[in-house]
Structure formats: C-alpha cells, structure tokens
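Since the structure comes first, as structure tokens, the remarks are kept for the end.
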Amino acid sequence: MLAPSNKNALRVPCVLMRGGTSRGPFFLETDLPGDPNERDRFLIAAMGSPHVLQVNGIGGGNPMTSKVAIVSRSSQPGADVDYLFAQVATDRAFVDVSPNCGNMLSAVGPFAIEAGLVPAEIGETTVRIFNRNTSTTVEAVVQTPAGVVEYEGETAIDGVPGTAAPIKLTFLDALGSKTGAFLPTGHVHEFIENTPVTLVDYAMPMVLLRASDLGLSGDEPPDELEANLPLLERLEAIRLEAGLRMGLGDVSGSVVPKLAILSAARHGGTITSRYFMNAHRCHKGHAVTGALCIAAACRLPGSVAHDLATPSLTSLVNLEHPSGRTEIDLSFDASGQVLRASLVRTARRIFEGNVIVPASAVAAPLEGMQQGGTHAQDHHTPTALLRNSSGINDDRRTL
C-alpha cells in the first residue's frame, strides 16, 4: 500500500539490486497498489518512462536496466516466495509481465532473505521461488556463511566487472513455460518467411534462427545488428508469425517470443548466440532464460541449435555471446528429455530507500498507456492508493 510523501507525491520503499547482468528496483508486493493497472502506472512513473533515457526516474535507459522485481510470501505449495517480473519499456508507457527474467531472478533469493521473508541458514540458504510470469519454480542457493547474505566472493560472470558470491539457480519445471509444450507447434524444424526456424519453449518461448540463413556470420556486435533496419524488419515479421503459430496470439505488443541468431562456437564453447530482447535491441550479453532455452534445444536433434552445436555434446552447454560465455548444466530423465537446468549467477545490493513519484501519475491513466502482458497469478483485490499518513506498513521494516 502506498504512503504519501506529501499531498502531491508518493514515497515507496525499494532496494536497487543487480541480478546477473541486469539491474532494477525490488519491491515488496504489499508496498505497491493491488490493482495491476495502478501498479503499472506507478512503475512507469518510478522508472521514468516513457523517455529513452528515463531521465526523470530510476531506470537506466536500456532494457537491461529497466526491469522490476516484485516479491511476496508465497501461497504456492513448496515455494517460499513469489516473484513477478516486470519489463518497463523505455520509449512508451508500457509494462510487460509476460516474460520471466532469470538475471533479475538471481537477486530474488538475497532480497527475500534480507526482507525477512525467508530465514537464513548457517552456510547456505535455499530459497524456492515461484515465478508468477510463467507459473514455474526455481531453486536459488544463496551464500549465508554467518546466517546473513554474503555478496562478496570469487565468482566471476561474463558481462559483470569483478567477482562476487555465487548464486546457483536450478529451474525445476521450465518445460513449456508459456505455451505448455517444449515444441509448441509440434515441429522441430519449419519455415517462416522462407527462413528455417525452430520454435521452442524452455524457460522462455523462442524463435531460433541460423545466422547464415539471414546473410550473417553470427558474431556481429549487437550495435551492428541493431543498425541493420532491413534485418530488424525481417526478424519482427518472423517473430509475429511465430507468436501466432506458438499459440501466443498477436505478440506485436509483447516482447515474447524472443529471437536468437545462432552460429557455430568460435572459442571452444558449444554454440554462439545473438539474443534479441525486443524488436530492435540485441542483448550485450545474454538472457538467462534464453540461454537455458538454447541449451535445451542443442539436445534436440534436427533443431537449428542442434545442427550448429559442437558434435561432442555433454550435460554442460557453454553458450558464447558478446560478453563472453554462459555455462548451463542440464539433467535428463530416463527418456533423455531435459528435466532440470542449472547455472550460476551473482547479485549485489546497490542501495535501499524510497522511490518518490507524483501521486497524479498513479491516480489517473497515462495518455497512450498500453496494457501490459498477463500471467496466471495477476489477480489482486484493489487496495486504497493512498493510506492514512499515520499508518505503518509493517512489511517495510526489514527493507
């Protein structure tokens, strides 16, 4: 529930955290409006959208730094906390809760422990996280050697300077995260716009393409790909048709499904990827969920990924991307189907305090605001937007 800073502004507790190669504010759900539309208007104002630099908010002017995590105690059997990811557009008044973000997810465990939602153990603390965007569960192992979260360590991940404590993420049920099937169309290989594609859903619905089929080498820098307007138009046409075939409907207003342009590994890894976060932005590194999806597809004979992957496949998949590599560890059931996928990330708590937004930005719809994505758990009883200034929200005490 929101607290007034003065009659014209709202003050809401948040913690800015880096999760993997992403960054954004973390909120307790109880501190935000219960109505999804009011919540989205608050997030847009807090991040400073719509503005490409987000100069009037705390966003970073880039999809990797315009992300939000909303955390609460879980009512799901076997889960400790619920995590709702929100991607806030930089250039329009739009919040998308269709996808999950595995990088931001890596900071959910530390945040939940320090917010008092999960008691810390001595040594390591396992936090079971229910992702509301995809209705899947992820197990995070957080370093808590003295019964408190330890962020310092010797683990390095490509795309982030320095080292930090490792956080192991294991995706327990990522198969068919949004579509309900590993192969939503039932085909390993098909054509869209006369281009071979594999449409697959593991942790993230994706369209996998071969770089050579697009006239590319596959190791182009992201900026070069983003400047290739004919390529972007072709990719978006393919993505829109893929969304229809995968049962996702009209995806013109969503960032799902994602796209990856694949090629052979060049530096001793398994495969090379260029991952598109939306219709015109190529990731400077790689998304976690996208990496898991490509890793699973590498084990799928006949898929675009399998045809490009190194012949000597093992349970470890090393995905090469513009910032380096991401290593994914796959486990399989008796039939050879991917059962679980794990990888190691790091996180950092950057600052804690309150974000202040104009009350008017939350109370009334923004002109031109687009409706965000939906997910299975996005139904809340609306709460009062402003509370009595003498009221105390007890859930804030541990922030």
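The values are calculated or read from the model by the stated rules, or taken from the named source; none is laboratory data. Because the structure is predicted, anything quoted here is derived from the model rather than measured. Glycine also receives a Cβ, built like all others from the backbone with ideal geometry; neighbour counts cover every protein chain displayed.
Of all the residues that make up the range 43-91, how many are touching a residue at least 24 places away in the same chain (Cβ under 8 Å), within 26 Å of residue 141 (Cβ to Cβ) and part of a loop (DSSP other than H, G, I, E, B)?
5
Using the structure shown, decide if residue 137 is more than 19 Å from residue 239 (Cβ to Cβ), outside the structural domain of residue 244 (by TED's automatic domain parsing) and either out of contact with any Ser or Thr (no Cβ under 8 Å at 6 or more places or on another chain) or of a type in the set (D, E, K, R) (or both). Spell out the reasoning first.
Numbers: more than 19 Å from residue 239 (Cβ to Cβ): yes; outside the structural domain of residue 244 (by TED's automatic domain parsing): yes; either out of contact with any Ser or Thr (no Cβ under 8 Å at 6 or more places or on another chain) or of a type in the set (D, E, K, R) (or both): yes.
So residue 137 passes the test.
One residue is enough: does the range 295-308 have a residue meeting the conditions within 23 Å of residue 155 (Cα to Cα) and not in a loop (DSSP other than H, G, I, E, B)? Step through it out loud before you land on a result.
Going through the range 295-308, the residues within 23 Å of residue 155 (Cα to Cα) turn out to be 295.
In the following step, the residues that additionally are not in a loop (DSSP other than H, G, I, E, B) were identified as 295.
Within the range 295-308 (the criterion being within 23 Å of residue 155 (Cα to Cα) and not in a loop (DSSP other than H, G, I, E, B)), the answer is yes, since at least one residue qualifies.
Conditions: (1) touching a residue at least 40 places away in the same chain (Cβ under 8 Å); (2) more than 20 Å from residue 173 (Cβ to Cβ); (3) outside any loop (DSSP other than H, G, I, E, B). Residue 112 meets all but one. Number of the miss?
(2)
Against the definition (at pLDDT 95 or above, part of a loop (DSSP other than H, G, I, E, B) and within 26 Å of residue 90 (Cβ to Cβ)), how does residue 280 come out, yes or no?
On the way: at pLDDT 95 or above: no; part of a loop (DSSP other than H, G, I, E, B): yes; within 26 Å of residue 90 (Cβ to Cβ): yes.
Considered against the rule, which asks whether it is at pLDDT 95 or above, part of a loop (DSSP other than H, G, I, E, B) and within 26 Å of residue 90 (Cβ to Cβ), residue 280 comes out as no.
Take the range 224-240 and flag every residue that is surrounded by fewer than 16 Cβ atoms within 10 Å (Cβ to Cβ) and over 21 Å from the mean Cα position of the chain (by Cα).
The answer is 224, 227, 229, 230, 233, 237.
Report, ordered by the first and then the second residue, all pairs with beta carbons closer than 7 Å, sequence separation of six or more or different chains, a first member in the range 236-260 that is in a strand (DSSP E or B), and a second member that is among the basic types (Lys, Arg) and at pLDDT 95 or above.
259/239; 260/274
Find the residue count for the range 322-345, including only residues that are buried (at least 21 other Cβ atoms within 10 Å of the Cβ) and of a type in the set (Ser, Thr, Tyr).
The total comes to 1.
Would you check which residues across the range 117-141 are part of a loop (DSSP other than H, G, I, E, B), farther than 13 Å from residue 80 by Cβ and out of contact with any Lys or Arg (no Cβ under 8 Å at 6 or more places or on another chain) and list them?
The initial filter retains those residues of the range 117-141 that are part of a loop (DSSP other than H, G, I, E, B), namely 117-122, 132-135.
Applying the additional criterion that residues be farther than 13 Å from residue 80 by Cβ yields 122, 132-135.
Residues satisfying the conditions are 122, 132, 133, 135.
Applying the selection to the range 138-158, what residues are within 20 Å of residue 328 (Cβ to Cβ), out of contact with any Pro (no Cβ under 6 Å at 6 or more places or on another chain) and surrounded by 20 or more Cβ atoms within 10 Å (Cβ to Cβ)?
Correct list: 138, 140, 157.
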